[in-house]
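Beneath this line is the structure, given in structure tokens, with notes to follow.
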């Protein structure tokens, strides 16, 4: 997030796109709903009439995968009606003429045809956003989990820069992270192209610094593999061994049949987790990890806030803290890592090597934590980024992008669009929530569909149906709901037998290699 949750209560406008906040981020959604009830405006852009629609001034029910066309249409109106922030664009950005040329190809009528909404709604959104500034833009996986996910994100940034909503309080582009501590994992370089603190591996100065700090030579100058490349490498032999740390790939990756074949092809597979999962079935070695409350450490949330996590109980049995497991394996490879606790790792390594976190020490995060960047010990943390339009890269860069359809669209054989997401009562693949009694509140998966589609197929609410794609089929209970528009089926991936990922399409954004979980073609058969 460029901005902070604390700003929600002061915001005048929210633009939420591709985010089922009420179920996937209920705490953040509460902040937003409180703000709306206190007078803030809300524009919601989502194919489903999800619970947040009841709070929205405008709900734009676009077709799945049409985000770029819709956003380009909005920007077309802002430019043609002279509603954008000229001063910000001229002084703080570059690439405006290229953006303008591109969005002129998306007049409201054309954008409306692609997005499945009216041209007047597109104009209304543009004018409302221009009238009420700044606005906070929030998105989640409904934006990123497409083959055009990177371009979707760029489009949201284009819109906010065009309106001058960057570098100010109650503005910005604010992705709500999909899992706990995803932000912290990325900050610590759980990405193939950066060292901790987002220092690029292809930067020779960064490599030299980490080689010296780690006592090694010849750190790779090229980014490593991403998950789809790793998985495919298990089959063709380019990847011999695979270490899976806190991830249940056999349920969370698209096309489970393909994933299981890849996992079974590994010559040597290590899993490190707190419970047995569908993925640990394939492991040669399982390291039992300590849970979040069984060791000291930190979490970094969506707003870049680094907070303390304190140990409240001992790990059971042979379970050990994750850092200890990694340290012991390194010792057996001949490396003597000096730090011997989470605090020592942070104070003596992370804060020393990552400039954006240089001022973060355990003694400073005893209370409410700190939001990076924190460049020195006296710095109070950064509530919002790019203050006064001063971007890290210099000028903010507009990225003109075209709309592209999902990789798989409905046809005669598979006439419906399947989109996936999360439900309130369960988390991810239920590795934890299935053991907490939450099955009482949500005991099984459903296929959510419209009354119109159900009537056409002779399907009744609550009966078992078969949902099929080109990759698999699942038997699941039908849930007839007003939330889902005709032509669409919506499912989650929490339950193994009726997991949406038996059906989803293993195609990826070419830049980020994020899978297109949000769109594939399916059919529904009455049993």
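What follows draws every value from the coordinates through simple rules; no lab data is involved. The model shown is predicted, which means the values in this text are computed figures rather than measured ones. Here the Cβ is made from the backbone with ideal geometry for all residues, glycine too, and neighbour counts use every protein chain on show.
What shape does region 416-526 take by its C-alpha gyration tensor, where a ≥ b ≥ c are the square roots of the eigenvalues and a/c under 1.5 counts as rounded, a/b above b/c as prolate, and the rest as oblate? Here region 416-526 falls in the oblate category. Annotation for residue 37 and residue 9: the two label points, set 7 Å from Cα along the Cα-Cβ direction, are 1.4 nm apart. Taking a cut-off of 45 Å, what percent of all Cα-Cα pairs in the chain are separated by more than that? In whole percent, the share of Cα-Cα pairs in the chain beyond 45 Å is 15. A crude spin-label estimate for the pair residue 477 and residue 461, with each label 7 Å from Cα along the Cβ direction, gives 1.3 nm.
Averaging 1/r over each pair of different alpha-carbon atoms in region 343-469 and inverting the result gives 21.0 Å, the Kirkwood hydrodynamic radius. Under 10 °C and 1.306 mPa s, how fast does region 50-194 diffuse according to Stokes-Einstein, given a Kirkwood radius computed over C-alpha pairs? Answer in µm²/s, whole number. In µm²/s, the coefficient is 98.
The order of 146, 460, 482, going from fewest to most other C-beta atoms within 10 Å of their C-beta, is 482, 460, 146.
Working value for region 1-101: equivalent-ellipsoid semi-axes of 27, 18, 12 Å, each the square root of 5 times a Cα gyration tensor eigenvalue, largest first.
Taking every C-alpha pair closer than 8 Å and separated by at least 6 residues, the mean separation divided by the residue count of region 214-315 gives a relative contact order of 19 percent.
The antiparallel fraction among DSSP beta bridges confined to the chain stands at about 40%.
Just subtract the alpha-carbon distance of residue 238 and residue 324 from 0.36 nm times their residue separation and send over the number in nm, one decimal.
That works out to 28.1 nm of additional length.
By other beta-carbon atoms within 10 Å, ranking 96, 14 with the fewest at the front produces 96, 14. Does region 332-396 come out rounded, prolate or oblate, given a ≥ b ≥ c as the square roots of the eigenvalues of its C-alpha gyration tensor, rounded meaning a/c under 1.5 and, failing that, prolate meaning a/b above b/c? Verdict is oblate for region 332-396.
Here the extension length gained between residue 526 and residue 267 equals 89.1 nm, from 0.36 nm per residue of separation less the Cα-Cα distance.
Here, region 460-522 has an Rg and a Dmax of 12.8, 42 Å when only alpha carbons are counted. Per residue, the average separation of C-alpha pairs within less than 8 Å and at least 6 apart gives region 416-526 a relative contact order of 38 percent.
Computed over the chain, relative contact order equals 17 percent, with contacts defined as Cα pairs under 8 Å that lie 6+ residues apart.
Could you give the semi-axes, largest first, of the ellipsoid that matches region 22-62, computed as the square roots of 5 times the alpha carbon gyration tensor eigenvalues and rounded to whole Å? Don't skip to the end; give the middle numbers.
Details: eigenvalues 54, 35, 8 Å².
For region 22-62, the ellipsoid semi-axes come out as 16, 13, 6 Å.
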